[in-house]
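J.: Take a look at this one; I'll ask things after.
The values are calculated or read from the model by the stated rules, or taken from the named source; none is laboratory data. The structure displayed is predicted, hence computed values, not measured ones. Here the Cβ positions follow ideal geometry from the backbone for every residue, glycine too, while neighbour counts run over all protein chains shown.
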Amino acid sequence: MTSIELRSLPCVRLCDLELLPEFPGVYFVVSGENVLYIGKAEASIRSRWRQHHRKSQLVEFKDAVIYCKEARCSKQELKALEDAAILKFRPSLNQNRIPAKHKQIASASSKLKRFSIRLPKFHYKELSLWSTCRGQSVSGLAERELMEWIEANEEQIERIIADEAEETGRSVDEVKKQWLSDANYDPSVFNSDRVNPEE
């Protein structure tokens, strides 16, 4: 990764997200000579960008393009590639939190809900160390990792739901409704963006 030449990679303008490749890998958002943001996609770079948490912020860079580096490897290797790229290029937006106005836009556009989770102190400490290493807030890092996991497993979850619907003679919507009921899902509840350590 340290010898990578961005200009040799395939790229897509930020306004043409549907042209992004379907392969997994690391992507680089570049405006002029500045690397703004680096991220990874475990399944598909195009899918990752459908509801990207930085999209509303990055569209302000009218000349921005996304360079894509294909990487078909393990999750750990992909993470290592992303980390190495961030260390090399020092993208400005990887070091900063999303401004409040962009958070509001992103939340409104993708109908995000905020919720609190509780972690044992040890895990909160590790998460805090990792967030400092990545130049992100604890809640921002937790949100990103959770959303990436959901996106990476979305198709598998949908297949499992479809299989149960077929086996039980119910519709997919009925299965989803039952599962959400079993999980005590309440779409009206979202009280904080903090990740709270347990006492």
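J.: Taking the condition of being of a type in the set (A, V, I, L, M, F, W, C) and assigned to a helix (DSSP H, G or I), how many residues in segment 55-89 meet it?
T.: Number of matching residues: 9.
Residue-wise test of (1) touching a strand residue (DSSP E or B) at 6+ places or on another chain (Cβ under 7 Å); (2) assigned to a loop (DSSP other than H, G, I, E, B); (3) among the hydroxyl-bearing types (Ser, Thr, Tyr); (4) surrounded by 21 or more Cβ atoms within 10 Å (Cβ to Cβ).
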| position | (1), (2), (3), (4) |
| --- | --- |
| 15 | no, no, no, no |
| 18 | no, no, no, no |
| 29 | yes, no, no, yes |
| 50 | no, yes, no, no |
| 53 | no, yes, no, no |
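J.: Looking at (1) touching a helix residue (DSSP H, G or I) at 6+ places or on another chain (Cβ under 9 Å); (2) closer than 15 Å to residue 27 by Cβ; (3) of a type outside the set (S, T, N, Q), find the lone condition where residue 75 falls short.
T.: Status for residue 75: all satisfied but (2).
J.: Out of the residues in segment 57-103 meeting the condition of being among the aliphatic types (A, V, I, L, M) and within 15 Å of the chain's Cα centre (by Cα), tell me which one is modelled with the lowest pLDDT.
T.: Among residues in segment 57-103 that are among the aliphatic types (A, V, I, L, M) and within 15 Å of the chain's Cα centre (by Cα), the one modelled with the lowest pLDDT is 98.
J.: Here's another thing I want to ask about it. Is it true that some residue in segment 104-117 is modelled with pLDDT of 65 or more and either part of a helix (DSSP H, G or I) or β-branched (Val, Ile, Thr) (or both)?
T.: There is at least one residue in segment 104-117 that is modelled with pLDDT of 65 or more and either part of a helix (DSSP H, G or I) or β-branched (Val, Ile, Thr) (or both).
J.: Please work out if residue 54 is at pLDDT 85 or above, of a type in the set (D, E, K, R) and not assigned by TED's automatic domain parsing to the domain that holds residue 148.
T.: No.
J.: Regarding segment 31-42, can at least one residue be identified that is surrounded by fewer than 17 Cβ atoms within 10 Å (Cβ to Cβ), among the charged types (D, E, K, R) and in contact (Cβ under 8 Å) with a residue 24 or more places away in the chain?
T.: No, segment 31-42 contains no residue that is surrounded by fewer than 17 Cβ atoms within 10 Å (Cβ to Cβ), among the charged types (D, E, K, R) and in contact (Cβ under 8 Å) with a residue 24 or more places away in the chain.
J.: Test each condition in (1) under 17 Å from the mean Cα position of the chain (by Cα); (2) at pLDDT below 75; (3) not β-branched (Val, Ile, Thr) for residue 127 and report the one that comes out false.
T.: Of everything listed in (1) under 17 Å from the mean Cα position of the chain (by Cα); (2) at pLDDT below 75; (3) not β-branched (Val, Ile, Thr), residue 127 misses just condition (2).
J.: What residue, among those in segment 163-194 that are of a type in the set (A, V, I, L, M) and under 21 Å from residue 118 (Cα atoms), is modelled with the lowest pLDDT?
T.: Checking each candidate, the answer is 189.
J.: Taking segment 7-28 on its own, how many of its residues are of a type outside the set (Phe, Trp, Tyr) and under 17 Å from residue 83 (Cβ atoms)?
T.: Total meeting the criteria: 3.
J.: Hey, can you tell me all the residues within segment 4-46 that are closer than 16 Å to residue 73 by Cβ and over 19 Å from the mean Cα position of the chain (by Cα)?
T.: Of everything in segment 4-46, just one residue is closer than 16 Å to residue 73 by Cβ and over 19 Å from the mean Cα position of the chain (by Cα), namely 4.
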